[in-house]
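Since the structure comes first, as structure tokens, the remarks are kept for the end.
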Amino acid sequence: MTSYFHIHHGILRTVVLGLVLLGSANVGIQGQECERVLRKAESNYDNGQLREIPGILSKCLTGGFNKTQREKSYKLLVLTYIFLDDIDKAEEYLLKLLKSNPQFEVSQLDPPEFIYLYNSFRTKSYFSIAIKGGMNNTFVNSLNINGVGNIPLGYQRNSSKMGYQVGLGINFRIWENFEVSAEFNIVNRRFNQIDSLKTTFFTDVERPLGYNFSIINASESQIWVGVPLMMKYSITQYKMQPFIYGGVSMYYLLGANLNVTRFNIDPSDVETPQRAVTGPSVKLLRAGIREKYHYSLLAGAGFKYKVGTDYLMLDFRYYLGINNLRNEEAALDASNELVYRYGYIDNDFTINGALISIGYVKPFYRPKKLRKKL
């Protein structure tokens, strides 16, 4: 029984292998035959025997040509019908050519009639989508320095920290090299503030109470979702395509955490001249200390590099914050944890930022005959 099974299994495997090899051979023979058909049609075109060309190509066009051969055949038929003065047929096969290869481009060696017909069609992508991600730095611009102590005797220093962003964008071509672009982004912005404030209080001249100075280290991390809207100009005739853009953006704050450490310094205390006060992260959005919306102007530049029919992208952007992100009423509330635990009152400030992103761009095409302007 086992021997019987092995014999029939071997026969079946041999039959399947034979059918595969036979199919491959047929495909190879058909491919060679269609290559000869294409060469014959090209020879007829060179010799001016135009009327025979559609019949020569018809069989392999319905099945047999590979992608490259089919596109060559479509172009040959466009040229044939142009010179047979059948513009409707020429447009029909040019549309098939553009659908088969949306990124087909004319050459200076092509006949002027072919170039003219090509230019009467929409051949550029009418929209594209982009997936991108990268890193950013956030810069704090203080409008007013606030505090519970003697502010003129203190100082403040802000520093940027690295954050990240991811996003999805869509670009609509409106005219030639101009596009309208919109994105949906998730952005993490991080920055640090150090305040040194005079906090000495006196009950009388002889007996000062409190500490001479207080240093507060506040590190903030924010999560935003937002929609930038932009106008973009690209140079598209090269494989590497530079672009510039400008626009506006609106972001909504999902969360903001502040980690605060307050160092109270008392030079008169020899054993512990510096005492630290710290605690869990303060949820600024929950406490109402942050404004929920952020508005900004933005400008950027970058380039796309063509890979096949798609693009890899590198993008540089700078945004300029417009509105104050501090909620004044909540920040001055005495029950605010920042006030009673750390003696810290938030500053009025805006934020600016620089971003760098890499991405992948997928263009979409819908070639069609353009309407003639009246």
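Okay, here's what the table says:
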| quantity | calculated |
| --- | --- |
| Estimated FRET transfer efficiency when R0 is 56 angstrom, pair residue 116-residue 142 (beta carbons, to 0.05) | 0.35 |
| Global form of the stretch 40-105, assessed from the alpha-carbon gyration tensor, a/c cut-off 1.5 | oblate |
| Proximal charge balance of residue 294 [Cβ under 13 Å; K/R count +1, D/E count -1] | +3 |
| Per-pair calculated FRET efficiency, R0 = 45 Å: residue 162 and residue 50 via Cβ, rounded to 0.05 | 0.10 |
| ³J(HN,Hα), Karplus 6.51/-1.76/1.60, whole Hz, each residue of the stretch 89-95, x for Gly, Pro | 5, 4, 5, 4, 7, 5, 5 |
| HN-Hα J in Hz across the stretch 291-302 - Karplus 6.51, -1.76, 1.60, θ = phi - 60°, x for Gly and Pro | 5, 7, 10, 10, 10, 8, 9, 9, 8, x, 7, x |
| Ranked list, fewest to most other Cβ atoms within 10 Å of each Cβ, for 50, 284, 79 | 50, 79, 284 |
| Theoretical FRET efficiency, 1/(1+(r/R0)^6), r = Cβ-Cβ of residue 194 and residue 316, R0 22 Å, to 0.05 | 0.15 |
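No lab work stands behind these numbers, since they all come straight from the coordinates. Bear in mind the structure is a predicted one, so any value in this text is a computation, not a measurement. A quick note on method: Cβ atoms are made from the backbone with ideal geometry, for glycine too, and the neighbour counts reach across all protein chains shown.
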